[in-house]
Amino acid sequence: MLRALGNGVLYGVFADVLFIVAAAVGTLFLVLSDGRRALEERSLQLEQLTHQLLRAQEDERRRIARELHDQAGQVLTAVKIELDLEGRREASEMVGQALAQVRDLSNLLRPSVLDLGLVPALRGLVEDFGRRTRVDAALEIDEPLAPFGPELEVALFRVVQEALTNVARHAAAGRVDVRVGVENGSVRLAVEDDGRGFAGEPTPHLGLLGIRERVTALGGALAIESAPGQGFRLEATIPTGAVA
Ligand SMILES: Nc1ncnc2c1ncn2[C@@H]1O[C@H](COP(=O)(O)OP(=O)(O)OP(=O)(O)O)[C@@H](O)[C@H]1O
Ligand SMILES: [Mg+2]
């Protein structure tokens, strides 16, 4: 009878331990799934915030560009005409230089070249880069490239702009190739140089972070390949129907 009692106590303890373990596992599971849900929510919020930020940045750039063009540009043009009429050549040339800088700045802020379409805008960007840097820059486009939405066009333009700036700043390259094509409902953009490359994963600063954000905000993917002495290759694939 004593043994039976002993066994009963043992079973009781075992049941208690089992209950405690089950409760602990259950709580842990709840905490983990709550944490995961909260994390998912946070990353969604972060994505939306980044998207809004990029849009606000583009809007702000457009506004400043327009003001620069309409205000400073107009005034400088008027002053230049006055100076020309008065025959003050030296002063007129200086104002002319300031005017050119305002135009460059305004263009940098808002890619007004995009008004002419993505293809001529990219052509201008790549040709201009080749002239300014003496890097052999080539652009290959699978035409006809259907017009995309403005957000996608601005994103593609900005990605090429930043990638080329990086080539000039970091690559010490002799050649850079920019390729754009459409495949299976996605536009594929690659920028590849033959420069010094990079060992491991480059630490992204604002430039690469901005590229990644623009691409992912439109539902696309970004891949970077590089090795020391093997150049640097950046490839973005973005769905053409993407409406962010
Ligand atoms: N074409 C390239 N060749 C070699 N290294 C590169 C190239 N592009 C980027 N990198 C490396 O990746 C790093 C991150 O690039 P990222 O554009 O994010 O920053 P950054 O150019 O240094 O500064 P910024 O934020 O002003 O663009 C660079 O500092 C550089 O080391
Ligand atoms: Mg950069």
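We did not get these values from a lab; they are worked out from the coordinates using the rules stated. Keep in mind it's a predicted model, so treat the numbers as computed, not measured. We place every Cβ from the backbone using ideal geometry, glycine too, and count neighbours over all the protein chains shown.
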Suppose every K and R has +1 on its Cβ and every D and E has -1 on its Cβ; what is the size of the dipole of the chain about the Cα centre, in Debye to the nearest 20? 560 debye
Under Karplus coefficients 6.51, -1.76 and 1.60, residue-wise ³J(HN,Hα) of segment 164-169 in Hz, glycine/proline x: 5, 4, 5, 4, 5, 7
Qualifying chymotrypsin sites (Phe, Trp or Tyr not before Pro) for segment 149-241 [loop in DSSP, other Cβ within 10 Å: at most 15]: none
For segment 189-242, radius of gyration divided by Kirkwood radius, i.e. Rg to Rh on alpha-carbons: 1.02
Rounded to whole Hz and in sequence order, give me ³J(HN,Hα) for segment 129-142 from the Karplus expression 6.51 cos²θ - 1.76 cosθ + 1.60, θ = phi - 60°, writing x for Gly and Pro. 4, x, 5, 6, 10, 6, 8, 6, 10, 10, 10, 10, 10, 6
Those GluC sites (Glu not before Pro) from segment 32-112 that are DSSP loop and have at most 14 other Cβ neighbours within 10 Å turn out to be GLU86
Name the long-range amide H neighbours of ASP136: under 5 Å, sequence gap of 5 or more, or other chain; modelled H, no Pro or chain starts. ARG175, VAL176
Selection of trypsin sites (Lys or Arg not before Pro), segment 118-151, meeting DSSP coil and at most 11 other Cβ within 10 Å: ARG134
Mean projection area, nm², convex hull over Cα of the chain: 21.8 nm²
Over segment 111-244, with a single point scatterer placed on each C-alpha, what log10 of the ratio I(q)/I(0) does the Debye formula yield at q = 0.13, 0.15, 0.18, 0.22 1/Å? -0.50, -0.67, -0.98, -1.43
In whole Å, how far is the Cα centre of segment 47-78 from that of segment 106-183? 20 Å
